[in-house]
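Any read-out appearing in this document is the output of simple, stated calculations on the displayed coordinates, not a laboratory observation. Everything quoted here is computed from the prediction, not taken from an experiment. Here Cβ is always computed from backbone atoms with ideal geometry, including for glycine, and neighbour counts include all displayed protein chains.
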Amino acid sequence: MLYTITFNPAVDVVMNLDNLQLGALNRVEKDSYVAGGKGINISVLLKRLGYDNVATGFIGGFTGDFIHDSLTAEGVKPEFIKLDAMTRINVKLKAQEETEINGKGPVIDAANIEKLFNYFEERLTEGDAVFLAGNTAPGMTSDHFVRMAQLCQIRKAHFVLDTNKDLLTACLAYHPFLIKPNADELSEIFQTPIDSLASVIHYAKELQVLGATNIIVSLGGKGAVLLTETGDVYQSYVPKGQVINSVGAGDSMVAGFVAKYIETQDYVESLKQGAACGSATAFSVGIAQADLVDALVKEIKVERIGE
Ligand SMILES: Nc1ncnc2c1ncn2[C@@H]1O[C@H](COP(=O)(O)OP(=O)(O)OP(=O)(O)O)[C@@H](O)[C@H]1O
Ligand SMILES: O=P(O)(O)OC[C@@]1(O)O[C@H](CO)[C@@H](O)[C@@H]1O
């Protein structure tokens, strides 16, 4: 089974306005409300591509109910631990430029954390995949990320990790199947500017030395670089299209890549599908639909650029 974990989900409120003015009353042209959080975005994209999956993590309050109902409507199976407190709201402002304001989210207490680990300890088996994506939640530490990485390693499940700096590096010793930092995150991890393809490849290799199996460094509108377990380096390019909302592009890329890899064990096809999913989401309101992904796959160029 494919499982996603979002420790700190959100209702994403996307607001489009012509001209954002700080310190003034701004009225939006258009707004939309979608279930968000990185693991949840991965679940939605996987299901739209035809892959059954279970979304887990913590939700609560009316925002939590909204996420539960939205996922059910998508055909994703929601199996979250229910909290007494309210799931956060993240504001995505689309004006002259994209501005994001992410809420803090409720505190997760030790009893609820144990419930989530018990859920996985009871179920996880060889061949499953666990996507742990997004930031931590108040009350949780890097030890919880490490514990999940260890459990996946013991049960021989693919562990896919897309999170921030210290949370990510803490898990590398447990050999996550895939990590996907973007260039800014790579730069933050190594405290150095990442300003060339050579530096992307160099620091991706450093992450592999630290334990990551496969690494995708995503570069937004400039595509992505994949360093594989076998030491090959591939670059994907982006197709032409109009960017509408890039929120969730990285999550979509992760979902598309891993699903295809589990099916084919073919790195080129998997990177093509991942890249198509990322661009399709960037060209959509919210997470992409499968028909756009299928159309873009044919246009994506992937090139082997080194070893
Ligand atoms: N402006 C764009 N035009 C075309 N494709 C894009 C664009 N932005 C992103 N993509 C595609 O999606 C992939 C992932 O995007 P990006 O590097 O922005 O991920 P991210 O920083 O993790 O994003 P997020 O956190 O919003 O999910 C890129 O490698 C690319 O293939
Ligand atoms: O606060 P986090 O967990 O780092 O990121 C959460 C978030 O910004 O990431 C997703 C896009 O990748 C959005 O759906 C969501 O609002």
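Below, the figures for the structure above:
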{"item": "Residue of K272, K77, K222 that the Gaussian network model of the chain assigns the largest fluctuation, springs spanning Cα pairs under 10 Å", "result": "K222"}
{"item": "Qualifying aspartates and glutamates (Cα of each under 16 Å from Cα of K272; at least 8 residues distant if same chain)", "result": "D232, D251, E263, D291, D294, E299, E303"}
{"item": "GluC sites (Glu not before Pro) restricted to the stretch 1-86 and DSSP loop, no more than 15 other C-beta within 10 Å", "result": "E29, E79"}
{"item": "Rounded to 5, the percent of DSSP beta bridges in the chain classed as antiparallel", "result": "45"}
{"item": "Distance between modelled label sites at Q96 and A110, nm, 7 Å Cα→Cβ extension", "result": "5.0"}
{"item": "Within a Gaussian network of the chain (alpha carbon springs, distance under 10 Å), most fluctuating of G139, G248, G75", "result": "G139"}
{"item": "Value at 222 nm in deg cm²/dmol, rounded to 500, when DSSP H runs of n ≥ 4 in the chain each add -39,500 (n - 2.57)", "result": "-12500 deg cm²/dmol"}
{"item": "Rounded FRET efficiency, nearest 0.05, which uses the C-beta distance separating D69 from Q21 and R0 of 30 Å", "result": "0.30"}
{"item": "Spatial separation of Cα centroids for the stretch 33-69 and the stretch 136-204, in angstrom", "result": "22"}
{"item": "Residue among G39, G274, G103 with the largest mean-square fluctuation in a Gaussian network model of the chain, springs linking Cα atoms under 10 Å", "result": "G103"}
{"item": "Above-threshold pairs, the threshold being 25 Å between Cα atoms, out of K77/K240; K94/K301; K180/K260; K77/K205; K38/K82", "result": "K77/K240; K94/K301; K77/K205"}
{"item": "Over the chain, volume per residue of the alpha carbon convex hull, in Å³", "result": "133"}
